[in-house]
Amino acid sequence: MNIQQIHHVAYRCRDAKETVEFYTQVLNMNFILAIAEDRVPSTKAPDPYMHIFLDAGKGNILAFFELPNSPAMDRDRNTPEWVQHIALQVEDVAALKSAKRELEAKGIEVIGPTNHEIIQSIYFFDPNGHRLELTTVTATEQMMSRLDQVKWDMLEEWSQTKRAPKQAAWLHQQEFTAEEEALV
């Protein structure tokens, strides 16, 4: 098996038109396609739906389903709301800060920028209650190389202890020193 890329990621929406308007007007995505059926093609169940597709850039597609005959949509109450989110990348920190100003000017409440050391992000919600993240990569090649070297050890330690491993604790120090960079 050779996966080429993600074709699309699909979420549910309350209102297809409202969702298209938000993503095209607020996030400047292009509306690619709409598909509507009275039966689900894979299951043959009689369940009408509207399936919309939006261009998230570089071949990435974000899709939504409006399901009028299903119970009202809700989020997974057993998962904190900060966990389930859609992250979209912008060019740089300046673009991130500009996006925050644009969103706030449109009356959208924004959290951040939040410095995650290898990325910086802002967070807000779409009209469906989906948490969105706009992010930009701030990591150096050396930082990513160092993280790559410890990923399997971190995963194994987490798997056994369910506690945060400390192999990447250096990320949260004030600075990534030249001495640490030389270790990579």
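What to note about this one:
- Between the amide H of Leu88 and those of Glu133, Leu134, Thr135, distances stay under 5 Å, these residues lying 5 or more places away or on another chain, with hydrogens modeled in the peptide plane.
- Counting only lysines at least 8 places from Lys44 when in the same chain, those with an alpha carbon closer than 27 Å to its own are Lys17.
- Label positions at Asp15 and Val150, each projected 7 Å from the Cα along the C-beta direction, are separated by 4.8 nm.
- Cα-derived Rg to Rh of segment 1-70, Kirkwood definition: 1.02
- Dipole axis of segment 1-70 (+1 Lys, Arg; -1 Asp, Glu on Cβ), positive-most option in Asn2, Gly59, Thr19: Asn2
- A cut-off of 5 Å between modelled amide H atoms, ignoring neighbours fewer than 5 places along the same chain, links Leu67 with Cys13.
- Expressed per residue, the C-alpha convex hull volume of the chain stands at 181 Å³.
- Rounded tilt (10° steps) of 141-161 against the dominant C-alpha axis of the chain: 80 degrees
- 0 to 90° range, to nearest 10: angle between helix 16-25 axis and the chain longest Cα axis: 50 degrees
- Within the straight-line cut-off of under 21 Å between alpha carbons, the lysines reachable from Lys151 are Lys162, Lys166, sequence neighbours fewer than 8 places apart in one chain being disregarded.
- GluC sites (Glu not before Pro), loop per DSSP, at most 11 other Cβ atoms within 10 Å - longest free stretch of the chain: 1-90
- Here the extension length gained between Glu157 and Lys106 equals 13.9 nm, from 0.36 nm per residue of separation less the Cα-Cα distance.
- 13 Å Cα-Cα reach of Lys58 towards aspartates and glutamates, excluding residues that sit fewer than 8 places from it in its own chain: Glu91
- Extension gain, His172 to Met1: 0.36 nm times the residue separation minus the Cα-Cα distance gives 57.8 nm.
Values quoted throughout were computed directly from the atomic coordinates according to the rules given, and no laboratory measurement underlies them. The shown structure was predicted, so the numbers you read here are calculated from the model rather than taken from an experiment. Heads up, the Cβs are rebuilt from the backbone with ideal geometry, glycines too, and the neighbour counts pull from every protein chain shown.
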